[in-house]
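The values are calculated or read from the model by the stated rules, or taken from the named source; none is laboratory data. Only a predicted model underlies this, so the values are computations on that prediction, with no experimental measurement involved. Here the Cβ is made from the backbone with ideal geometry for all residues, glycine too, and neighbour counts use every protein chain on show. Note: accessible area is taken over every heavy atom of the protein model, side chains too, but ligands, DNA and RNA are not part of it. Shrake-Rupley method; radii C 1.70, N 1.55, O 1.52, S 1.80 Å.
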Amino acid sequence: MNVVVIGTGLVGAATAFALHKAGITCTLYDQVDLVAAALNSNGTPIDVDFGDTGGSVLLAPSATRVLKSLGLFDEVVAQSSTSPHVHWYKMDGSAAVQLDVVPLNARMEPDPELQAPLQILRSKLHNILLKACQQAGIRMFMGKKLVRVEEQAYSVTAHFADGSTAKGDLLVGADGIHSATRRAIFGESSKSQFTGVLGYIGVVDLVANNIKMNETCGFYIDRVKKELVCTFRVSEQIGAINIMTFHEPDPEETEGWRPYSDLPKHSARLAELIRGWGVPNHVEQMIRQAYRISPASIYDLPDLDVYHKGRTVLVGDAAHGMVPNAGLGLGTGMEDVGALFELFKRLPGQKDLHSVLSIYSKLRVPQATANANRSREMAKQYYSSSVLGPSFSHFLLRAGIFAFNHNLMKFYSIFDCPKEVERAIASMPKA
Ligand SMILES: Cc1cc2nc3c(=O)[nH]c(=O)nc-3n(C[C@H](O)[C@H](O)[C@H](O)COP(=O)(O)OP(=O)(O)OC[C@H]3O[C@@H](n4cnc5c(N)ncnc54)[C@H](O)[C@@H]3O)c2cc1C
């Protein structure tokens with residue numbers, strides 16, 4: 001079987017590698033144009049979307065399970081650090097609430113290696129995945145912006161903006177939140193919607209700037225003013241910070257997360273902004289001393305009832321909107337990859353393709369929609385204050401985290417790809 005994968009992001013690269021491991025020939029296509037980037041750079045370092053962009057991503061057991069099944073876990077561990085706690089604070093760093101993530105995960109994840117979540121720079125994880133694809137001999141074509149999908153009786157064709165085409169037995173849309181694949185198969189009503197939230201993602205050398213960070217993952221919240229700052233310790237040396245604000249208009253409907261070229265201007269501006277919000281000094285220093293800041297407009301998607309149509313299937317952000325408030329976005333995308341991997345390992349034939357895609361949608365839509373709703377609920381918790389005031393809302397958060405820490409409530413469920421797939425195949429009507 002020949003598969004055309006649109007998008008070489010984290011989920012697209014992981015999908016191509018997984019399908020290759022399942023014995024399927026994949027080719028990756030991405031709109032990123034290296035030649036145009038080099039021509040536009042005027043001799044300065046080249047920033048392309050899969051270059052050194054973004055900040056840190058959190059890998060919960062659902063993601064690390066899949067990476068382990070693909071044989072990439074050890075390399076990921078070597079490049080990341082564990083993140084055993086999450087802290088929530090008021091904006092000034094007071095009233096800490098602590099979630100102990102390892103015992104929480106241990107209730108759902110029997111493998112001790114996977115119980116602590118990992119923090120890794122997005123660019124490092126991307127590099128591991130792209131290198132794995134390259135070493136596996138998976139071909140990648142750049143400067144290929146998908147504009148149209150055309151289905152034939154026994155194949156599907158991707159049409160690119162440069163006039164070229166790629167034909168396959170299956171097309172995987174891994175082209176992110178603004179997915180052209182999704183719009184091609186489900187129409188413009190499935191377009192992503194701006195949430196009103198702007199994020200600024202900074203990465204900082206903690207050691208070189210003598211910044212002491214006690215938290216491994218911290219959320220600083222002002223519910224009344226709708227201001228949120230998140231901090232992540234990526235390693236002993238590197239920290240990442242996200243500043244989320246409703247206060248500024250969407251600048252240019254930017255689809256990329258390209259770093260600011262005028263770093264001193266924006267680091268000073270953002271440091272002054274959050275100083276005004278009253279953050280602790282180390283948080284202000286993290287953005288003031290950042291060596292890279294990428295602005296990102298936060299989008300969400302209308303929930304889809306199904307993730308495939310004909311010979312086209314969606315994975316990752318292309319399939320499910322996931323506001324980045326609960327650290328579930330990448331994990332959910334990795335579960336998509338794990339589900340396709342397990343399905344194609346068991347049902348690799350052409351004749352099974354429609355069953356594979358139906359099972360995939362049946363399994364993934366409820367899980368991903370639940371995760372998307374959980375992320376939206378977290379956003380509501382951060383950005384709203386009860387009629388009894390922000391302190392009461394913080395108290396409610398404390399009560400919720402107490403319930404999670406003491407096993408009185410489930411935080412989320414881990415999608416067990418092999419088990420779920422086995423069960424779904426077993427319940428298929430026999431031919
Ligand atoms: C540059 C960048 C930086 C990010 N930084 C962070 C971060 O710091 N922290 C965090 O939590 N999340 C970050 N994210 C988001 C996070 O990585 C994703 O939410 C998640 O990993 C889902 O990945 P994905 O592969 O589904 O989509 P994406 O990572 O968005 O990848 C989509 C890929 O598809 C390509 N593409 C898009 N449209 C087309 C088209 N028409 N034709 C061909 N190719 C197309 C894009 O160029 C991109 O390579 C970032 C995303 C990007 C793109």
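In the range 295-316, what residues are aromatic (F, W, Y) and modelled with pLDDT under 95?
Within the range 295-316, Y299 is the sole residue that qualifies.
Identify, by number, the condition in (1) assigned by the TED database to the domain that holds V224; (2) open to solvent by 10 Å² or more (accessible area, probe 1.4 Å); (3) in a helix (DSSP H, G or I) that L270 doesn't meet.
It is condition (2) that L270 fails.
Filter the range 378-401 down to the residues that are open to solvent by 60 Å² or more (accessible area, probe 1.4 Å) and either modelled with pLDDT of 75 or more or not assigned by the TED database to the domain that holds P324 (or both) and list them by number.
Of everything in the range 378-401, those that are open to solvent by 60 Å² or more (accessible area, probe 1.4 Å) and either modelled with pLDDT of 75 or more or not assigned by the TED database to the domain that holds P324 (or both) turn out to be K380, S391, F392, F395, L396, R398.
Any residue at all in the range 94-112 that's within 16 Å of the ligand (Cβ to nearest atom), touching a helix residue (DSSP H, G or I) at 6+ places or on another chain (Cβ under 6 Å) and modelled with pLDDT of 90 or more?
No, the conditions are met nowhere in the range 94-112.
Residues that are without any contact (Cβ under 8 Å) to a residue 60 or more places away in the chain and closer than 22 Å to A96 by Cβ, at least 3 per element: which helices (runs of 4 or more DSSP H) completely within the range 329-407 meet that?
The qualifying helices (runs of 4 or more DSSP H) are 353-383, 390-405.
Would it be correct to say that P61 is over 18 Å from the mean Cα position of the chain (by Cα) and of a type outside the set (G, A, S)?
no
Is it the case that G137 is under 23 Å from F17 (Cβ atoms), in a loop (DSSP other than H, G, I, E, B) and away from the ligand (no atom under 16 Å from the Cβ)?
Yes, satisfied.
Taking G276 as the residue in question, decide whether it is modelled with pLDDT of 95 or more and either under 22 Å from the mean Cα position of the chain (by Cα) or more than 25 Å from A78 (Cβ to Cβ) (or both).
In short, yes.
Would a scan of the range 145-162 turn up a residue that is within 30 Å of Q119 (Cβ to Cβ), modelled with pLDDT of 95 or more and open to solvent by 30 Å² or more (accessible area, probe 1.4 Å)?
Checked against the condition, which is being within 30 Å of Q119 (Cβ to Cβ), modelled with pLDDT of 95 or more and open to solvent by 30 Å² or more (accessible area, probe 1.4 Å), the range 145-162 yields no hits at all.
Considering only the range 141-204, give the strands (runs of 3 or more DSSP E) lying wholly within it that have at least 2 residues that are under 23 Å from the mean Cα position of the chain (by Cα) and more than 23 Å from S294 (Cβ to Cβ).
170-173
Does the range 402-421 hold any residues that are surrounded by 15 or more Cβ atoms within 10 Å (Cβ to Cβ) and at pLDDT 85 or above, and which are they?
Listed by number, the residues that qualify are F415, D416, C417, P418, E420, V421.
Can you confirm whether V172 is under 28 Å from L67 (Cβ atoms), near the ligand (Cβ under 10 Å from one of its atoms) and surrounded by 20 or more Cβ atoms within 10 Å (Cβ to Cβ)?
When the stated conditions are applied, V172 does not pass them.
Identify the single condition in (1) closer than 27 Å to G329 by Cβ; (2) open to solvent by 60 Å² or more (accessible area, probe 1.4 Å); (3) in a loop (DSSP other than H, G, I, E, B) that N210 does not satisfy, given that it satisfies every other one.
Here N210 meets the rest and fails (1).
If a residue must be open to solvent by 30 Å² or more (accessible area, probe 1.4 Å) and either at pLDDT 95 or above or over 17 Å from H308 (Cα atoms) (or both), how many such residues does the range 342-351 contain?
3
Output the number of the condition that P324 fails; it satisfies all remaining conditions of (1) in a loop (DSSP other than H, G, I, E, B); (2) surrounded by fewer than 15 Cβ atoms within 10 Å (Cβ to Cβ).
Just one mismatch for P324, condition (2).
Of G51, G43, G55, G9, which residue is at pLDDT below 95 and open to solvent by 60 Å² or more (accessible area, probe 1.4 Å)?
G43
Limited to the range 58-72, what total is found for residues that are open to solvent by 10 Å² or more (accessible area, probe 1.4 Å) and away from the ligand (no atom under 16 Å from the Cβ)?
Residues that pass the stated criteria total 4.
Does A319 satisfy the condition of being at pLDDT below 95 and either within 13 Å of the ligand (Cβ to nearest atom) or outside the structural domain of V57 (by the TED database) (or both)?
Judged against the criteria, A319 is not a match.
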